[in-house]
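Just so you know, all these numbers are worked out from the coordinates, no wet-lab data involved. Since this is a predicted model, take the numbers as computed values, not measurements. In this analysis, Cβ positions are derived from the backbone assuming ideal geometry, glycine residues included, and neighbour counts consider all displayed protein chains.
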Amino acid sequence: MARLDGKVAIITGGASGFGEGMAKRFAEEGAKIVVADLNMKGAERVAGEIGENAVAVSTDVSLKSDIDRMIATAMEQFGRVDVMVNNAGYTHRNGDLTEVSEADFDLINGVNMKAIYYATLGVVPIMDKQGGGCIITTASTAGLRPRPGLTWYNASKGWAVIATKSMAVELAPKNIRANCLCPVAGETGMLTQFMGEDTPERRDLFRSSIPLGRFSTPLDIANAALWLASDEAAFITGVALEVDGGRCV
């Protein structure tokens, strides 16, 4: 039996990177997938590659109306929500913390923090009625071991870690688990922003901080998320799982 048979998962930021990896890996294990992304063309591509067990929905996660529509789509298409993956993320460019614009700060707040609040408001009543569920948030090693140059992004991911732990305690009586993933930098669209500039030297510098000697991949993150979403992790809640090749040691 596939590990996610009968489960429905919503994955934000599902059109590329870690989100695409999770969407496809979850689908391989029997889940029905709502691929939510601001990039509708990308979301439709991922959903199309998965097939009839996936649907794409255009979603700006910083807007409550879009989050509500995303959840409504899941209910209309598949009738339930078992796994809510808050994966969409945004960062300012690596650099002086005093030079980050207010617009970038507000977008970090909206995408990395407020979106989790909106999604939780939407899915908890559904999961409670179903008898349980699972919320997974893509945080970051930046929220555990911050480094200079990404201060406001780091802070948002620290918020995600603490929010996850608090949600885990409060939602446990409803049999709703909350966990987060803390990936090290990976080959995604945000890598250049993290590094500040994409040069071989800059890549070597970032790679040298990872004991296993490479960046993370979407499959690394997808496999960790799959375990947290599955019944194998039925007794796991409130964890910030480091998927980082030893970066946080």
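The table that follows gives values for the structure above.
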| read-out | value |
| --- | --- |
| Theoretical FRET efficiency, 1/(1+(r/R0)^6), r = Cβ-Cβ of residue 29 and residue 147, R0 41 Å, to 0.05 | 0.75 |
| Approximate spin-label separation residue 49-residue 205, in nm, with each point projected 7 Å along Cα-to-Cβ | 3.2 nm |
| Calculated FRET value between residue 117 and residue 1, using beta carbons and R₀ = 41 Å, to 0.05 | 0.75 |
| Formal net charge of residues neighbouring residue 163 (Cβ-Cβ distance under 13 Å; K, R +1; D, E -1) | +2 |
| Interchain or long-range residues, amide H under 5 Å from residue 239's placed H | 180 |
| 169, 111 arranged by Cβ crowding within 10 Å, fewest neighbours leading | 169, 111 |
| By average C-beta atoms within 10 angstrom, highest first, the peptides 97-106, 238-247, 211-220 | 238-247, 211-220, 97-106 |
| Relative contact order of the chain, pairs being alpha-carbon contacts under 8 Å that are 6 or more residues apart, as % | 20 percent |
| Those aspartates and glutamates that a straight Cα-Cα span of less than 16 Å connects to residue 41, excepting residues fewer than 8 apart in one chain | 20, 49, 60 |
| Added length on full extension, which subtracts the Cα-Cα distance from 0.36 nm per residue, residue 101 to residue 64 | 11.0 nm |
| Choice from 86, 53, 154 with maximal GNM fluctuation in the chain (Cα, 10 Å cutoff) | 53 |
| Sites residue 72 and residue 41, calculated FRET efficiency, Cβ-Cβ separation with R0 30 Å, nearest 0.05 | 0.90 |
| Relative contact order of the stretch 86-152, pairs being alpha-carbon contacts under 8 Å that are 6 or more residues apart, as % | 56 percent |
